[in-house]
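Notes for the one structure printed next.
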Amino acid sequence: MTSILVLNGPNLNLLGTRQPDVYGSVTLPDVEEMCETHGKSLGMKISCLQSNHEGVLIDAIHAAKGSHAGIVLNAGAFTHTSVALMDAIASVELPVVEVHLSNIHAREAFRHKSFIAPVALGQIAGFGATGYLLALDALSAHLGRGRGA
Ligand code: DHK
């Protein structure tokens, strides 16, 4: 089984109650369960982690090297600020799919910039919780291609 890390950053623990008009009414445990179920159908073992702390997210990215084949990452607001997260992703050379529940490009200008995008395989934004499942599909296709499948 391919191991995939689903990593969520600051404030995403509040999903479901946090600005539901923007982020939807699905909770983080719901999202994680959806990922586990969908991942299983793709032959993936999903591990999930959420942290409000930049250093914890960086440590998790470092630890994923050698233990996981790829990462689905919603870095929350760190997306728009964190050179350190960008450097961590570049350092581990794992495929990372960047996810946002909301369409960050249709929101405030400061959300248009992503430090993750230049080091990510790609970005999925604006599809709510479904975006996480699309990210798993993208990783599955990418990793399958890598193995020549
Ligand atoms: C989540 C956040 O917490 C915001 O800071 C980002 C992202 C957008 C999302 O849409 O999932 O700007």
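Here, each number is a calculation from the coordinates, and none is a lab measurement. As the structure is a computational prediction, the values presented were derived from the model and not from experiment. No Cβ is skipped: glycine too gets one built from the backbone with ideal geometry, and neighbour counts run over all protein chains shown.
Partner aspartates and glutamates whose Cα lies under 19 Å from the Cα of K40, excluding those fewer than 8 positions away in the same chain, are identified as D30, E32, D137. Backbone geometry of the stretch 44-53 corresponds, through the Karplus equation with coefficients 6.51, -1.76 and 1.60 at θ = phi - 60°, to 3J(HN,Hα) couplings of 10, 9, 9, 10, 10, 8, 10, 8, 8, 10 Hz, x marking Gly and Pro.
In the chain, Cα pairs under 8 Å separated by at least six residues give a relative contact order of 26 percent. Put a dot 7 Å past the Cα of A117, heading toward its Cβ, do the same for A77, and the two dots end up 2.0 nm apart. Distance between the 7 Å Cα→Cβ label points at Q19 and A63: 2.9 nm.
Scalar couplings 3J(HN,Hα) for the stretch 109-119, obtained by applying the Karplus form with A = 6.51, B = -1.76, C = 1.60 to θ = phi - 60°, are 4, 5, 8, 6, 7, 10, 7, 7, 3, x, 10 Hz; x denotes Gly and Pro. Here D137 and L49 are evaluated by their C-beta separation; at R0 = 35 Å the FRET efficiency comes out at 0.95.
3J(HN,Hα) along the stretch 123-130: 10, 10, 9, x, 10, x, 4, 4 Hz, from the Karplus curve 6.51 cos²θ - 1.76 cosθ + 1.60 with θ = phi - 60°, whole Hz, x for Gly and Pro. With the alpha-carbon atoms of the chain aligned to their principal axes, the span from lowest to highest coordinate is 41, 30, 25 Å, starting with the largest. Annotation: aspartates and glutamates with alpha-carbon distance below 13 angstrom to K65 (same-chain offsets under eight excluded): E93. Ordering 33-44, 69-80, 133-144, 91-102 by mean Cβ neighbour count within 10 Å, with the highest value first, yields 69-80, 91-102, 133-144, 33-44. Projecting the Cα positions of F110, M44, L143 onto the charge dipole of the chain (unit charges on Cβ atoms of Lys, Arg, Asp and Glu, taken about the Cα centre) puts L143 furthest along the positive direction.
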